[in-house]
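One structure is given here, and the rest of the page talks about it.
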Amino acid sequence: MIYKGIEEIKKIRDSAQLVSKTLGLMAQEIKPGVSSLYLDKIAEEFIKDNNAIPGFKGYNDFPNTLCVSVNNQVVHGIPCNKPLNDGDVISVDCGVIKEGYYGDHAYTFSVGDVSREIKDLLDVTKESLYQGIDVMIENNRIGDIGNAIQSYINLHGYGIVRELVGHGLGENLHEEPEVPNYGKKGTGKILKNGLVLAIEPMINLGTEKIKLDDDGWTFVTLDGLASAHFEHNIALIDGKPEILSTFDYIYNALGVKSEEEKRFKSLNFSLVDVFLFLSVNWVNMSRAGVRRATLPNFTVTAISPTASLIANPAPATLPTEWRLAPSNTLF
Ligand code: MG
Ligand code: MG
């Protein structure tokens, strides 16, 4: 596993933030009648205008800037001219390279009005991502992350895609370790400061089984039901997870208010920090004769205690065409 220093993490954050802004742009554009090829075109222009390189285009000969996966498509869908319909869901996965480092994350959007069933799938899949991030704590293990995602998804009865996994991220799009969305507590590689991961649950409304479509890229659900995919880039800093990407640009575009990422952002003060801050400022204010002061906003981050877990072997019973070489993990 490759552990990054703070300068490298800053570069990954810059790349991740550009992906975040690109997805925010997508949020403004996605509506019934729009084609995924149009989305791809404006995403590519935006990335290039920001002095970065589309990270997926040409990667293993993938033809486009975005992976766009609609309805029963799970991941790796190729943009096309077909217009989106009201009630569709579209997963947009985007990668960029800036100053030699990758950003890579994804969001699944509703197109127009979607059914309650689909809304629930999206909400649960996104929350499962945060459940996984919650346990990305120093000295936990990779299996803890998968177990947290799996445990949450199992409460809702959805299918967890097994063949495709998250991954380490940095100068390479896919680095060790692989990050399955299932697993056992206390198993797998130990998490240490400096690790940067792309965690990305792919969750199906029905069966967990998928197959590769005729185009050789797109994975689709075996039962034809919808699938959802959310991905963040996270660094392990000071023992805790810090999200380098953000969905805030999407929420701003959609007029949605969300504080879901707040607990994973910097400005993590301990109670001792807060006590010292208040003490020092009280003394200073007293000296200056100030009777009233306004405290800045700050966040006290509470992270759940360490869990432990283990790595899970890939299912051995899959038909050959569903198995992926490790290098083909996932965007
Ligand atoms: Mg991705
Ligand atoms: Mg990825």
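Values quoted throughout were computed directly from the atomic coordinates according to the rules given, and no laboratory measurement underlies them. Please read all numbers here as calculations on a predicted model, not as lab measurements. Note: ideal-geometry Cβ built from the backbone for every residue, glycine included; neighbour counts use all protein chains shown.
Expressed as a rounded percentage, what relative contact order does the stretch 84-191 have, with Cα pairs under 8 Å and six or more residues apart?
26
Expressed in nm to one decimal, what extension gain is obtained for the pair K10 and D213 from 0.36 nm per residue of sequence separation less their Cα-Cα distance?
Working: separation 203, 0.36 × 203 = 73.08 nm, distance 3.73 nm.
Gain on extension, K10 to D213, equals 69.4 nm.
Would you order V70, V256, V92 from fewest to most other beta-carbon atoms within 10 Å of each residue's own beta-carbon?
Ranking V70, V256, V92 by Cβ neighbours within 10 Å, fewest first, gives V256, V70, V92.
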To the nearest Å, what is the center-to-center distance of the stretch 163-221 and the stretch 53-104, using C-alpha atoms only? 16
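Arrange L164, L195, L66 by Cβ neighbour counts within 10 Å, fewest through most, would you? If you can, show how the numbers build up before the last one.
On the way: L164 23, L195 27, L66 32.
Arranged by neighbour count, lowest to highest, L164, L195, L66 become L164, L195, L66.
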